[in-house]
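Encoded as structure tokens, the structure appears first; notes follow it.
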Amino acid sequence: MAQKIYILIILLTCTTLSCQDKTPIDNIKTIPKTTEKDNQYKNVFSILDGTWKGQFLIFEDHKRLSKDKIDLKNISLSNLKKEGLNQINSIDVKQVYTSTTALFQTVVITDFYPDTGQKITSKGVNKIQDGQMWCVVRKPDETVIHQGSTQGSNTIIWQRDEKKPQKIEYFKETVSKNFYEIIGWGYYDSDDTTLTPKLWFYAKYERQ
């Protein structure tokens with residue numbers, strides 16, 4: 001009887017510890033425990049390993065259309081040629097990616113704003129956790145979390161949908177041997193989501 005109680009205590013303790021060991025998605029220091037469903041994503045981030053530099057451009061649409069006029073999940077450079085779209089900002093970006101494991105990659109991002117001279121450094125991770133792709137970036141003023149999916153062998157889609165405050169984003173990131181291209185859009189604060197996005201983004205980084 002005493003042996004059965006002892007075994008039961010061990011089982012309960014292990015269960016409790018496993019619950020405590022659950023890594024929060026916003027944790028960028030701890031490598032999550034690998035599960036069987038994570039393995040489908042092995043080395044999915046390795047194409048990003050290295051140092052990249054380029055400009056991140058921000059555009060504002062002054063002639064927004066009804067949302068049903070375009071497919072927001074199928075975007076390309078042609079979307080940035082729309083009438084009424086004007087560039088409102090440019091950020092000089094340096095990104096350094098390092099894969100720690102086949103499922104966990106760190107990133108250090110340095111953003112320089114030429115118009116103000118401000119430099120901001122952020123740290124984050126790309127990781128596979130609970131069978132899902134995640135990108136977590138800790139900026140000085142907020143932690144940004146995107147959930148990911150793949151489109152072919154060299155394109156990753158990152159997106160988030162937050163309500164309070166409103167932050168809806170979609171980024172299509174395509175990586176080749178020497179270049180890393182980003183096309184995306186976002187709705188923020190009181191933006192009308194029945195219309196096409198107010199803000200659009202484009203970046204092309206070169207491998208160093």
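Structure notes:
- For the stretch 95-131 versus the stretch 145-184, the inter-centroid distance based on Cα atoms is 14 Å.
- Over the residues of the chain, the helix contribution to mean residue ellipticity at 222 nm works out to -3000 deg cm²/dmol, using -39500 (n - 2.57) for each DSSP H run of at least 4.
- The listed residues 181, 173, once ranked by accessible area (1.4 Å probe) with the largest placed first, stand as 181, 173.
- Note that the stretch 146-208 presents 49 Å² accessible area per residue, ligands and nucleic acids not counted, probe 1.4 Å.
- In Hz, Karplus ³J(HN,Hα) per residue of the stretch 197-208 (6.51, -1.76, 1.60; θ = phi - 60°; x = Gly, Pro): x, 6, 10, 10, 9, 8, 8, 9, 9, 10, 5, 8
- Between residue 42 and residue 90, the simple spin-label model (points 7 angstrom out along Cα→Cβ) gives 4.4 nm.
- Counting protein heavy atoms only, the chain has 53 percent of its accessible area on carbon and sulfur, 1.4 angstrom probe.
- Candidate aspartates and glutamates - alpha carbon under 20 Å from residue 81, same-chain residues fewer than 8 apart omitted: 60, 61, 68, 71, 169, 173, 181
- With the whole protein complex present, residue 33 retains an accessible surface near 140 Å², based on a 1.4 Å probe.
- Subset of 33/198; 69/172; 29/177; 37/119 violating a 30 Å alpha-carbon distance limit: 33/198; 37/119
- Translational diffusion of the chain, µm² s⁻¹ [Kirkwood Rh, Cα pairs; Stokes-Einstein; 10 °C; 1.306 mPa s]: 83 µm²/s
- Fully extending the segment from residue 143 to residue 34 would add 36.9 nm, taking 0.36 nm per residue of separation and subtracting the current Cα-Cα distance.
- Gain on full extension, evaluated as 0.36 nm per residue between residue 174 and residue 25 minus their Cα-Cα distance, stands at 51.2 nm.
- Among 62, 146, the order of accessible area from largest down is 62, 146, computed with a 1.4 Å probe on protein heavy atoms.
- Across the chain, Cα pairs under 8 Å and at least six residues apart give a relative contact order of 21 percent.
The values are calculated or read from the model by the stated rules, or taken from the named source; none is laboratory data. Bear in mind that the values here come from a model prediction, so they are computed numbers and not experimental data. Cβ coordinates were reconstructed from backbone atoms using ideal geometry, including for glycine residues, and neighbour counts include every protein chain displayed. Each accessible area value is taken on the protein alone, full model and side chains, heavy atoms only, with ligands, DNA and RNA left out. Shrake-Rupley method; radii C 1.70, N 1.55, O 1.52, S 1.80 Å.
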